[in-house]
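Have a look at the structure below before the remarks.
Please treat every number below as a calculation from the coordinates, not as lab data. None of these values were measured; they are calculated from a predicted model. Quick reminder, even Gly has a Cβ in these numbers, built from the backbone with ideal geometry, and neighbours come from all protein chains shown.
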Amino acid sequence: MRVAPSLISADFARLGEELENIRALGLDAVHLDVMDGAFVPNMTFGQVLIRSLRRSSALCFDIHLMIEKPGRYIDDFVAAGSDIITIHIEATDDPVSDLRRIREAGVLAGVSVKPKTPVSALEPYLDDLDLILIMTVEPGFGGQGAIPECIKKIAEAKALIGSRNIIIEADGGATVSNAAQFRDAGCDMLVAGTAFFKAADRAEAYSALKAE
Ligand code: DX5
Ligand code: ZN
């Protein structure tokens, strides 16, 4: 699996170095959790930080918008240099228009479902999607344990997309010991915050998280 370290678990006093470390270890993406304190009970960072990180990194910026009414900020996150923008189906009243706006800007369009939201809720939007992000924890915080029932939703999403070219990404609670379960369920891209940034040996952690 492709591994996207979640920056929320990195050392915020050394973010530039942390991005360089990801690249030096051979990873090609970083997961950036944007939280507004309204959609989730936590706040992290916004487009201003992403814009400055963009200047110092060529990694794929995988932006996870945990914000209410994300349509308001799509242009900002496109301009900040996002490569993937994922919105929450629970946070928008017009998913099609949001997803099309992201795609029209040449950015991959993703949608995420919280643990209690069924995968079937995404059925109407499959033709507008490049990525599905399955939350395997309640969004808002790193360092939680994966919810086992949510790992099954990865397989449901894989079945739902059929032969469509849609990336299945999973987010939350991935560890070096459960990564194979995510892979076996059909995950293409695995987010890892704690398991990567808090690892004693990140290269070793990366090789286990890939689960190849
Ligand atoms: C949670 C975020 C996840 C989280 C992953 O709301 O979307 O990306 O940071 O962190 P770990 O891998 O530590 O669960
Ligand atoms: Zn995330």
*Once Lys and Arg get +1 and Asp and Glu get -1 on their Cβ, which of Pro124, Ser207, Asn178 lies farthest toward the positive end of the dipole of segment 101-212?*
Asn178
*asked:* Give the lysines reachable from Lys153 as a straight Cα distance under 20 Å; neighbours fewer than 8 places away on the same chain don't count.
replied: Lys114, Lys116, Lys210
_Can you work out the Karplus-derived ³J(HN,Hα) for every residue in segment 73-86? Use 6.51 cos²θ - 1.76 cosθ + 1.60 with θ = phi - 60°, whole Hz, and x for glycine or proline._
10, 4, 4, 5, 6, 5, 5, 6, x, 5, 9, 10, 10, 10
*Amide H to amide H under 5 Å from Gly173: which residues, 5+ apart in sequence or cross-chain, H placed 1.01 Å off N in plane?*
Gly143, Gln144, Gly193
*Filter the trypsin sites (Lys or Arg not before Pro) in segment 126-196 to those in DSSP coil with at most 16 other Cβ atoms within 10 Å of their Cβ, and list the result.*
Arg164
_Most fluctuating residue given options Ser112, Ser52, Ser82, as computed from a GNM of the chain linking Cα atoms under 10 Å_ = Ser52
*Along segment 12-19, what does the Karplus equation 6.51 cos²θ - 1.76 cosθ + 1.60 (θ = phi - 60°) give for ³J(HN,Hα), rounded to whole Hz, x for Gly and Pro?*
5, 8, 9, 4, x, 5, 5, 5
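Under the Kirkwood approximation applied to all pairs of distinct alpha-carbon atoms, what is the hydrodynamic radius of segment 115-161 in Å? Numbers along the way, then the final one.
Details: mean 1/r = 0.0869 Å⁻¹.
With all distinct Cα pairs of segment 115-161 included, I get 11.5 Å.
Evaluate the charge dipole of segment 1-91 about its Cα centre and quote only its size in Debye, nearest 20, assuming +1 on the Cβ of each Lys and Arg and -1 on the Cβ of each Asp and Glu. Provide the component values of the computation, followed by the final result.
Working: 8 positive and 13 negative charges, 35 e Å.
So the dipole magnitude of segment 1-91 works out to roughly 180 debye.
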*Stretched out fully, how many nm does the piece from Ser207 to Val48 gain, at 0.36 nm a residue minus the Cα gap?*
54.0 nm
*If the chain between Thr117 and Ala105 were fully stretched, how many nm would it gain, using 0.36 nm times the residue separation less the Cα-Cα distance?*
1.6 nm
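Taking every pair of alpha-carbon atoms in segment 104-194, give the share separated by more than 22 Å as a whole percent.
Values: 898 of 4095 pairs.
For segment 104-194, the fraction of Cα-Cα distances above 22 Å is 22 percent.
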*asked:* Over the Cα atoms of the chain, each weighted equally, I'd like the Debye log10 I(q)/I(0) at q = 0.07, 0.11, 0.14 Å⁻¹, rounded to two decimals.
replied: -0.18, -0.45, -0.76
